[in-house]
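A.B. asks: One structure is given below, represented as structure tokens, and several questions about it will come after.
What follows draws every value from the coordinates through simple rules; no lab data is involved. A quick note: this is a predicted structure, and the numbers were derived from the prediction, not measured. Please note: Cβ atoms are built from the backbone with ideal geometry, for glycine as well, and neighbour counts cover all protein chains shown.
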Amino acid sequence: MSHRLEVVDGALLRIVGPEDAPTLMLLAGFPDNGYLFEPLFSHELAKRYRLVAIDLWGFGASPRRDDAGTVADHARALTALITSYVPERPIGLVGHSIAAAIWVQAAAALGDRVGGLFSIEGNLTPDDAFFTGKAADYGDPHDFKRNFLEQVWELGLSSNTMRRYYAGATVADAVAMWNLGRDAKRISVGNEPGQSYKEMAQPSLYFWSKESTPEATRAWIERSGIANQLYTGAGHWPTIDQPEVTAKAIAGFFDTVLA
């Protein structure tokens, strides 16, 4: 299915699906971009919903903004983007990893404009920020990015998925990576992302795999009683490794909450 590109508030949007269909806003995790969701664009999901995959500021093709560095900053900027760009009707949010925590804060501001959040292994506990939060160990953004890429390169030697991830990370802005990574660690103290997620006013579904979810997070999911769905045979990037399964899970959730 063909899709188009738009730039709104300096952010690149990849768009596919009927203009009059309910809108799903898709946001990739650190330091990825909207290309993460490209495999979903050829599935039935894109015929029933208008999919809008966002390159967060400083990632992908979207230039960094000085007023959008932390989780809260990005949430405020996305709230403004959605308010101006999406018609006055409920939308769905899909967030991967730290992006889900950004959407939680944006959803609080948007209120009943948001019909629900589909979280793909979103940050819940400090262990979820283990890789991203390493930014806090560096005093220079460029040192952090260089070392981050070196680690991902090594992982990519035996994984096609990690090679794709490496390619996305190479074009990310070092300062944007550093700011968001440090903040991801800061807000993770005391399971804060998980608590905020649990207290959301809107419906949510947590989509996760035992292959890639830390033990502490698995225990938190069980204790919290949040609505969740397990996928198997894939790790942290199911939109890449299992796009059909992921697309069906997203459609199943939003067919209910946006009905």
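A.B. asks: Go over the candidates Leu81, Leu93, Leu110, Leu124 one by one and state the one that is hydrophobic (A, V, I, L, M, F, W, C), crowded, with 16+ Cβ neighbours inside 10 Å, assigned to a strand (DSSP E or B) and in contact with a strand residue (DSSP E or B) (Cβ under 9 Å, 6 or more places away or on another chain). Write out each step before concluding.
C.D. replies: Values: Leu81 fails: assigned to a strand (DSSP E or B); Leu110 fails: assigned to a strand (DSSP E or B); Leu124 fails: assigned to a strand (DSSP E or B).
The match here is Leu93.
A.B. asks: Identify, please: which residue in region 175-189 is hydrophobic (A, V, I, L, M, F, W, C) and surrounded by fewer than 20 Cβ atoms within 10 Å (Cβ to Cβ) and is, among those, farthest from Trp153 (Cα to Cα)?
C.D. replies: Filtering first and then ranking leaves Val189.
A.B. asks: Conditions first: (1) closer than 26 Å to Leu24 by Cβ; (2) loosely packed, with under 14 Cβ neighbours inside 10 Å; (3) not charged (D, E, K, R). Gly139 passes all but one, so which condition is the exception?
C.D. replies: Condition not satisfied by Gly139: (1).
A.B. asks: Report yes if Thr70 is surrounded by fewer than 19 Cβ atoms within 10 Å (Cβ to Cβ), of a type in the set (Val, Ile, Thr) and under 17 Å from the mean Cα position of the chain (by Cα), otherwise no.
C.D. replies: yes
A.B. asks: Please specify each residue of region 67-102 satisfying the condition of being in contact with a Ser or Thr (Cβ under 8 Å, 6 or more places away or on another chain) and over 22 Å from Arg48 (Cα atoms).
C.D. replies: Ser97, Ile98, Ala100, Ala101
A.B. asks: Hey, another quick one. Go through Phe59, Phe37, Phe30 for me and flag whichever is surrounded by 18 or more Cβ atoms within 10 Å (Cβ to Cβ) and assigned to a helix (DSSP H, G or I).
C.D. replies: The match here is Phe37.
A.B. asks: Given the condition more than 14 Å from the chain's Cα centre (by Cα) and of a type in the set (S, T, N, Q), answer yes or no: does some residue in region 34-54 qualify?
C.D. replies: Yes, there is a match, as at least one residue in region 34-54 is more than 14 Å from the chain's Cα centre (by Cα) and of a type in the set (S, T, N, Q).
A.B. asks: Turning to a different aspect of this structure: So which helices (runs of 4 or more DSSP H) are wholly in region 170-259 and hold at least 1 residues that are touching a Lys or Arg at 6+ places or on another chain (Cβ under 8 Å) and either aromatic (Phe, Trp, Tyr) or within 19 Å of His74 (Cβ to Cβ) (or both)?
C.D. replies: 174-187
A.B. asks: Assess whether Ser158 counts as being of a type in the set (S, T, N, Q), surrounded by 20 or more Cβ atoms within 10 Å (Cβ to Cβ) and closer than 25 Å to Pro39 by Cα.
C.D. replies: No: the conditions fail for Ser158.
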